[in-house]
Amino acid sequence: MVNSEYLDVFLDESQEHLQAINDNLLKLEQTPDDLSIVGEVFRSAHTLKGMAATMGFEDLAQLTHIMENVLDGIRQSKLEATSDVLDVVFLAVDDLEAMVQDIAGGGDGKHDVREVVAQLEKIEKGESVTKDHSSQDQEKSDALKEEGLDEFERTVLEQSAEQGFEAFQLRVTLDEKALLKAARVFMVLDVLEQVGEVIKTNPSAEDLEEERFDHSFTLIVVSKLTADDVKKRVLQVSEIEKVEIQKVDLKPSSNPSEEPNAADEVAATATAPTPKAVNNDQKERTVEATKRSEANKTIRVNIERLDVLMNLFEELVIDRGRLEQIASDLRNSELNETVERMSRISSDLQEIILNMRMMPVEQVFKRFPRMIRSLSKELNKKVNLEIIGAETELDRTIIDEIGDPLVHLLRNSIDHGIETPNVRLANGKPEEGTVILRAYHSGNNVFIEIEDDGAGIDREKVIKRALSNGIIKEDDIEKMTDQQIYSLLFSSGFSTAEKITDISGRGVGLDVVRSTFESLGGVVTVNSELGKGSVFSIRLPLTLSIIDVMLVEVREEKYAIPLSSIVETAIVNKSDIYSAHGQKVIDFRGKVVPLVYLKDVFEIPGETIEDDLCSLVIVHKGEKVAGLVVDSLIGQHDVVLKSLGNYLKDVFAISGATILGNGQVALIVDTNALIK
């Protein structure tokens, strides 16, 4: 069934239902008495269970069924939606997401869910899920029961025991942010092979090598070292979050194959539903059928088809420019009229295609509330996330890229910005901090802001750290604005954290955040007030495919400068240009603006045109500005942005190319690279 033609639809809808479950569980935590929210969660879970069963993913269906039992208990007021109960339900959702991700990666959706199933069953029976340390230790012990061993493996363990070896089972959990998981597994296996022999792994060695697992895996190993020594050896591997270890008991009664499987019990129960359950199923199917009939006005289109459509239209835009050039040269009225009509139609078509590719930023924003909930608990802080403007739309290609950098900025705001409740109360603030995630349109740009009411940025600490790292010199400080000083946070390797944590403060990250946004044609700025909070602002273009540019000429070459980077254009007298500290500058509107000569930057051959006047394009990067010196200004155009390909991807200050109406190629200038 994995290769079914319906798999893509199943994956899309599963992710939608899981997101809806996450969103509604967060709402339920705020208003636990609102049973209508429980109904929404139950409906999403019920639909997910049905789809999984239909597709043959039984483990996914069975876990959803157990979670459904707990939700039904809450819906019927038999259970309370406490924070502890919802913590377990969230863990179940995490496992469901891991299963769906495994299926999307070509796996079978298998996942070790024994621990969360046990907790869900406790809740269903009305037992408390608040545990003391002894019960937590017992739970770990239960969760670490040996994996199903075959006769050969059991024989090896028994013979090893006779020779003085100890058998241990380890559960190794990797850091969630760990990259190259397979490499970490190899390092763990290498360490264990040095002190003993690995008898079994779960998942299999092949699945571990292909990274077909979540963040934890189990091993059975024999060694003459003690459990503590084995554990210490494994913990020497970096990016290991925790290692749980216990001695393997080889009593015959402990054979897992003889123990009943909780999932099997669920399957047995599910095969014989009660009349009440059947009635509920009928109601759910009726509600779902009604919803689907309303959704039939939309269709799912594979994004690859939209990419093909966009590429074809880009070629049409190039030909449109060529036709306009020919019509202008021939001065034929009928041809001009036809070309003008074609231009109007293609412009309307362009708008429709671009709108088809537009997606609300909600696609990215909706995963943040759950992350903030987990993060605030981990840091013992109280944080309220407000999302404003989630309906604001961006091109899909940009949406795909902004998720990770936004995650880093949010984590940074909560870790460094928001204070602990006792500190906030001592400073006269409410104990709950507020982080606002805001998106809005402005012209041809979308702005995304992350604002917090935390401690703000200590200007003096930033300056001190920047001086010690050699990022700036003492002479630079007086000339820098507050915003320029705060922008030093984006320098490579910069961090003001007193202590490195798992959340942030590693000295890397913000420089990557800035470079990611700048690669998308965006600009990142930061403002802050000590004790009041900070605002990180990101400006992004609506789309990357077709952009507005100012065409300029430098000697025999034509270049395109994105309008989003241009402040204004000007023609100045060369006598107004003077030198300061070895740099050509001009006094423009009361501000000293450094000049950048494109003929020198791109080493364009040819003789310099002798003229008293000089054409300038004033561009900006945040608060910094520069004047690009060109020979002449041609005018504004819509152009198609084409990549230079992997071979030429590192050309300085060039972000791509376009084909003009006369067939000539014009390079698109990356102004961010020209402003220091």
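Laboratory data are not the source of any read-out in this text; all were calculated from the coordinates shown. These numbers were taken from a predicted model, which means no experiment stands behind them. Glycine gets a Cβ as well: all are built from the backbone with ideal geometry, and neighbour counts include every protein chain shown.
The table below lists the values:
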| quantity | calculated |
| --- | --- |
| Spacing of the two label points (7 Å from each Cα toward its C-beta) at A118 and S492, in nm | 4.9 nm |
| Set of aspartates and glutamates with alpha-carbon distance to K599 below 16 Å, sequence-local pairs under 8 removed | E553, E556, E557, E607, E610, D611, D631, D670 |
| Nitroxide proxy distance, nm - points 7 Å out along Cα→Cβ at V651 and S442 | 3.3 nm |
| Additional length obtainable on full extension of the chain from E193 to E529, 0.36 nm per residue less Cα span | 115.5 nm |
| Protection proxy ranking of 39-51, 95-107 - average other beta-carbon atoms within 10 Å, highest first | 39-51, 95-107 |
| Neighbour net charge for L189 - beta-carbon separation under 11 angstrom, K R +1, D E -1 | -3 |
| Cβ-derived FRET efficiency at R0 45 Å, D404 paired with S632, nearest 0.05 | 0.60 |
| Cβ-Cβ FRET estimate between S333 and M356, R0 fixed at 41 Å, reported to 0.05 | 0.70 |
| Full-stretch length increase - E13, L349 - with 0.36 nm per residue and alpha-carbon distance subtracted | 118.0 nm |
| Which listed pairs, of K110/K181; K181/K242; K382/K532; K479/K574; K473/K591; K27/K125, have C-alpha distances above 20 Å, in listed order | K479/K574; K473/K591; K27/K125 |
| Distance-filtered residues of the range 214-243 - backbone nitrogen under 15 Å, label point 7 angstrom along Q163 Cα→Cβ | 221-225 |
| Label-point gap, in nm, between K473 and E324 - each point 7 angstrom along Cα→Cβ | 4.8 nm |
| Modelled FRET efficiency - R0 41 Å, I303 with Q484, Cβ distances, 0.05 increments | 0.55 |
| Whole-Hz couplings from phi, Karplus 6.51/-1.76/1.60, listed for the range 16-21; x for Gly and Pro | 5, 5, 5, 5, 4, 4 |
